[in-house]
Structure formats: C-alpha cells, structure tokens
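What follows is a set of notes on a single structure, which appears directly below.
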Amino acid sequence: MRTSTTLTVILFLFLLHAPFLTKAQVVLPPVQQSGPPSDSLTDVDILSAKRLTIQKLNDSTTLQILAGTVRLKQGTSYFDCDSCVINNNTKTFEAWGHVHINDADTADIRSGHLRYLINRKIAYLDGGVSLTDGKGTLTTPDLEYDMTTDIGIYKHGGKVVNKKTVLTSREGYYYAGIKDVYFKKNVVLKDPAYNITTDSLIYNTQTQTTRFIAKTLIKDSSGRTIETTDGYYNVATGKAEFGQNPVIKDGPRTYTAQQIAFDDSAGTVQLRGNAVVRDSAQGTTIIAGNIFHDKKLDRTLATNRPLMIVKQDADSVYIAADTLFSARLTDLHTTKDSLVKDTLKGTKVITTNDKDSTNRYLEAYRNVRIFNDSLQSTCDSLFYSFKDSVFRLFQDPVVWAKKSQITGDTILLFTKNKKADKLEVFERSYMISETDPGIYNQVKSSRMDGYFKDGAIDSVRAAGFAECIYFIQDEDSAYTGINESKCDIMDIYFGENTLQKVVFRSSVTGTIWPMKDKNPGEMKLEGFRWLEAKRPKTKYELF
C-alpha cells in the first residue's frame, strides 16, 4: 500500500508539471461546479477545483487529479483539500494540504493528509489530526474515521480538550454521534476540579460526564481521593455515583460501601450496602446498610442495622440501634426534635467551634444496645455528647457492669479518659447484683449515684425512699442471713465485683432474717426485674 501511495504522489507531482503528457486535461474555473464530469468513474462528486487532470494508466485504472481549492462531496459529507487523486480501480482517493472533512452535523475533522476508501466510507488521516463535535476537540497524530458509524479510532496517543478539561490516552475510540470517547491505556484526565488516572474510561463531551469501567483513582482540588472500578462523575453538575465497593477518603473521613453517590453542589454523600464511615479525628466508625452524610451541615444519618464504634485504647464502645444520627453540638439550638433539647436547656455544652472534633453529638433511636468489655446497656433512645463524654439513656434504660444491673427512668453515664466514671439514675432507680444463681442483692430508691473504678462499680449512693435486700456472707462466703431494710439514704460499697457492705445514713427500719427462715428466690423488692437475657454478651451480637 505504501508503494502505491508513493507512486500516486510522484505521478501527481509529475503530471502537475508536465500537462502535455496527460491524455486529458480540464482546467476548471475557481468556482463551484454543479457536479463531476459526465465520465467520472466514482460516486464522489467533484464540486470545485482549479484544475482537473484525467490520467488513464491502463484499461482498468483511471486517475482523476485535482489541484487548487478542491472540494468533494459524498452523501452529506464534504471534503476540502489543496489537492487530491481519485483512483477508480481501488475506489480510493488521497488528499493533501489543509484537509477538511465536514461530516454533516456530526464531526468536523482536519489533517495534513487523507486516504479515503470510497465504498466503505472509511477515512485514514495523519499529519496533525484534529476532530471536533462542537463540544470537545480531539487531537492525535493519526486517526481512522468511519463515516458510516461516525466512529474515530486512534492508537498512537490522543488528547481531548473540553473547556477546561483535558484528557489524554494511548488509544481512543471517538463515537461522534453520541459524543462519547472511550479512552484506553495510560488514561489521564486533568480538570481544575479534579484529576483522574486509570486504564480505561468513557467521557461524554456534551454532558461532561465521565464513566468509569476499570480501576480508577480520582483526586479533586480539595484533596479528596476516590478509588473505584465502576460509576460516573459529571463535572458540570457535581453529581457522581460509584459501584463495586468504592473507597472515598475525604479529610479525616473514609467512606466505603457497595454503592456511593454524592452531589458536590448539595454537599451530600449517600452510601448503600455494607456502608462504613470512619472518622479518624473523632475516633469513630459507623457501619450500616444505608448512611447519608450532609457535608455542609456535617451531620450523618445511618439506618438499616447501624452500628457505631467509639474507639478507645483497649476497650472500644459499640453502639447499635434502629437509627443513628450524628451532628454538631453548635447546631443543637436549631434542631427542634433533639432528644435532649430540654435536658441541655440552660447548660453550657454548646461552647465550642465547628472544627473542634468534640463538637459532636450522637442520637440513637429504638432498640439501642451498648457494649464494651466492662459495661453494657440497652434503652429505647440515647444521646451522647463528645464534648462532655456523657451517655444519656432514655425510656427503660438498663446498665450492666460485671455482675450488677441498674435500671431507672433515665440514666446518665459519665465517662472519663474513655472509661466509665459515674452514673446518675433518676426515678425508680433499681440495682441488682447476682451473687449466685437465684440469689440477688437489691437496692431501690428515687435517685441513685454510682461510681466506677477500673470499669467496675465501686460504690453507690441511693437516696429517697431507699430500700435494700442483701445477703450477708462470712469470710468463707457462706450465707449467714438476709438484711431487708429501709431508710432515706444508704451507701453501698463493692469489692471484687461483689457487695461488701451497706451503710445507712439516716434512720433505718428493717429486719435481718436467718437464712433458714426465708427462701432466697422469694426475696424480691417491688419492681424486681432480672434482665440478663437482654444483655449484649459480645460485640458481635451488635453487628
């Protein structure tokens, strides 16, 4: 083919300078003609040329040689160039100098040289090729373009520029009809908003949408990185969606899920399926079926079996519920339905700035369960402040610490240095400690304050109509009697996770029963409930 092309070029130049050797020569005026000569042997219309020479090489081959402001037409496609040679035998033509193809409204192509297969309508262009569809412009050293399918192919490097977006690759397939470009090998997309590196992707010049079909790394101007193998991103709208377990790192947060969708204009991120959000600044991890994050207001909603892990040195806290919601403490005054709008009223918990990692709170709704190695809890709803490190437990809360169970209408659990420090129990306070199966030490009162040491209850003060039943043991842990007493205030002290002594701080009334006179299983204060079956035994129960 190269020999044929070279021969054609030599012949063409020779004929230009030796018109007396041609068998027929027609000099056309530099105006557009109505059509080709009547003896044209091709289905390409010659619209204009300054000079036309017809050269018959043999019985089967005739050349039409055109020079000067050449314009050809095939169907709805127009071809402009400085000169060309049409071969009736091979059904091809070659064009040189300022080659321009206008393929109806689909594509506009320019190059230095063109070889065109007339019957197949395929163009082979080289010499500074550029193709534009009115939205983006492709430049490449050489290009194969199919006029029937409107598909252009380059395999020696190419670049597409669309406004401020520049995309380069080793190979590319340009689908002019639908404005898609399929890039392959060493693909790099650069935009003021983000950069992309991958092996393959599809870019639409009209919608400015990038579709990901291979392992891809995206880094935007804010420093956020995205790793994905599936999805799309639209730079014009800021909307994106990724599948097949993408990973997004955005400042201290890392997002993973089966599917992630975000809208930069609205500042939202949605995660679906095995969703995980890790926050290194707060030391938290949220796991759920669905997670919604509002970046502008910095708030997160997790549903479908959500679980939050609050990282601690050796004893992390696991919180599960039907719904988890986290937001900034400084926004609480605008949250009308906050669980603690009355609890926090008049306090000074909202005294921090937006960028403070402790400027957070967590709300949990329905079937709330808390687990760590030293303490467990259940309730209907919960509020936790990262500022004061207090868990506020509402609606039938239960707290277990070692062998002790505490219940009440509302419980505040204070932590210090990431460990349980004290608790406050309001209304119908009730503490039960199991010493042996079926034997329970019990304390109930209106108000109860407990204090922890090394994760275990160290002491409890019961105030307001306090009552107790506890089993007296000797030094060998043998039961010697049962103390059933009432007073206004009593202090209970523990040692080695068992009740050691009870100190009555006001007038006391009661009875010490010999063990033989009472059935231990019947010694119960009013309202007794042993709820061990509800207690989370391991963290894995919460997943």
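The values are calculated or read from the model by the stated rules, or taken from the named source; none is laboratory data. Just so we're clear, the structure is a prediction, and the values are computed from it rather than from any experiment. In this analysis, Cβ positions are derived from the backbone assuming ideal geometry, glycine residues included, and neighbour counts consider all displayed protein chains.
Values computed for the structure shown
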{"quantity": "The one condition in (1) surrounded by fewer than 23 Cβ atoms within 10 Å (Cβ to Cβ); (2) in a strand (DSSP E or B) that Thr300 fails to fulfil", "calculated": "(1)"}
{"quantity": "Candidate set: the range 308-340, residues that are of a type in the set (Lys, Arg) and closer than 22 Å to Ala281 by Cβ; chosen: the one modelled with the lowest pLDDT", "calculated": "Lys311"}
{"quantity": "Condition met for Leu393 (at pLDDT 95 or above, among the hydrophobic types (A, V, I, L, M, F, W, C), surrounded by 21 or more Cβ atoms within 10 Å (Cβ to Cβ) and within 19 Å of Met308 (Cα to Cα))", "calculated": "yes"}
{"quantity": "Wholly enclosed strands (runs of 3 or more DSSP E) of the range 371-444 bearing at least 3 residues among the aliphatic types (A, V, I, L, M)", "calculated": "398-401, 410-416, 419-436"}
{"quantity": "Search result, residues across the range 170-229 that are more than 20 Å from Thr132 (Cα to Cα) and in a loop (DSSP other than H, G, I, E, B)", "calculated": "Pro192, Ala193, Ile213, Ala214, Lys215, Ser221, Ser222, Gly223, Arg224, Thr229"}
{"quantity": "Residues (without any contact (Cβ under 8 Å) to a residue 40 or more places away in the chain and outside any strand (DSSP E or B)) located in the range 253-286", "calculated": "Ala257, Gln258, Asp264, Ser265, Ala266, Gly267, Ser280, Gly283"}
{"quantity": "Cβ pairs under 7 Å, 6+ apart, first in the range 160-182 and closer than 16 Å to Val235 by Cα and surrounded by fewer than 17 Cβ atoms within 10 Å (Cβ to Cβ), second among the hydroxyl-bearing types (Ser, Thr, Tyr) and modelled with pLDDT of 90 or more", "calculated": "Val161/Thr137"}
{"quantity": "Test result for Val310, in contact with a strand residue (DSSP E or B) (Cβ under 8 Å, 6 or more places away or on another chain), surrounded by 18 or more Cβ atoms within 10 Å (Cβ to Cβ) and aliphatic (A, V, I, L, M)", "calculated": "yes"}
{"quantity": "Counted residues, the range 453-468 - those being within 27 Å of Asn372 (Cβ to Cβ), surrounded by fewer than 22 Cβ atoms within 10 Å (Cβ to Cβ) and out of contact with any Ser or Thr (no Cβ under 6 Å at 6 or more places or on another chain)", "calculated": "6"}
{"quantity": "Flag if Asp263 is among the charged types (D, E, K, R) and within 30 Å of Leu131 (Cα to Cα)", "calculated": "no"}
{"quantity": "Criterion: in contact (Cβ under 8 Å) with a residue 24 or more places away in the chain, part of a loop (DSSP other than H, G, I, E, B) and over 29 Å from Val160 (Cα atoms) - qualifying residue of Asn119, Asn58", "calculated": "Asn119"}
{"quantity": "Residue, nearest to Phe386 (Cα to Cα), within the range 417-444, restricted to residues that are without any contact (Cβ under 8 Å) to a residue 24 or more places away in the chain and not hydrophobic (A, V, I, L, M, F, W, C)", "calculated": "Asn417"}
{"quantity": "Enumeration of residues in the range 218-227 that are touching a residue at least 24 places away in the same chain (Cβ under 8 Å) and within 11 Å of the chain's Cα centre (by Cα)", "calculated": "Arg224, Thr225"}
{"quantity": "Pick from the range 396-439, criterion over 16 Å from Val460 (Cβ atoms) and touching a helix residue (DSSP H, G or I) at 6+ places or on another chain (Cβ under 7 Å), ranking: modelled with the highest pLDDT", "calculated": "Ile439"}
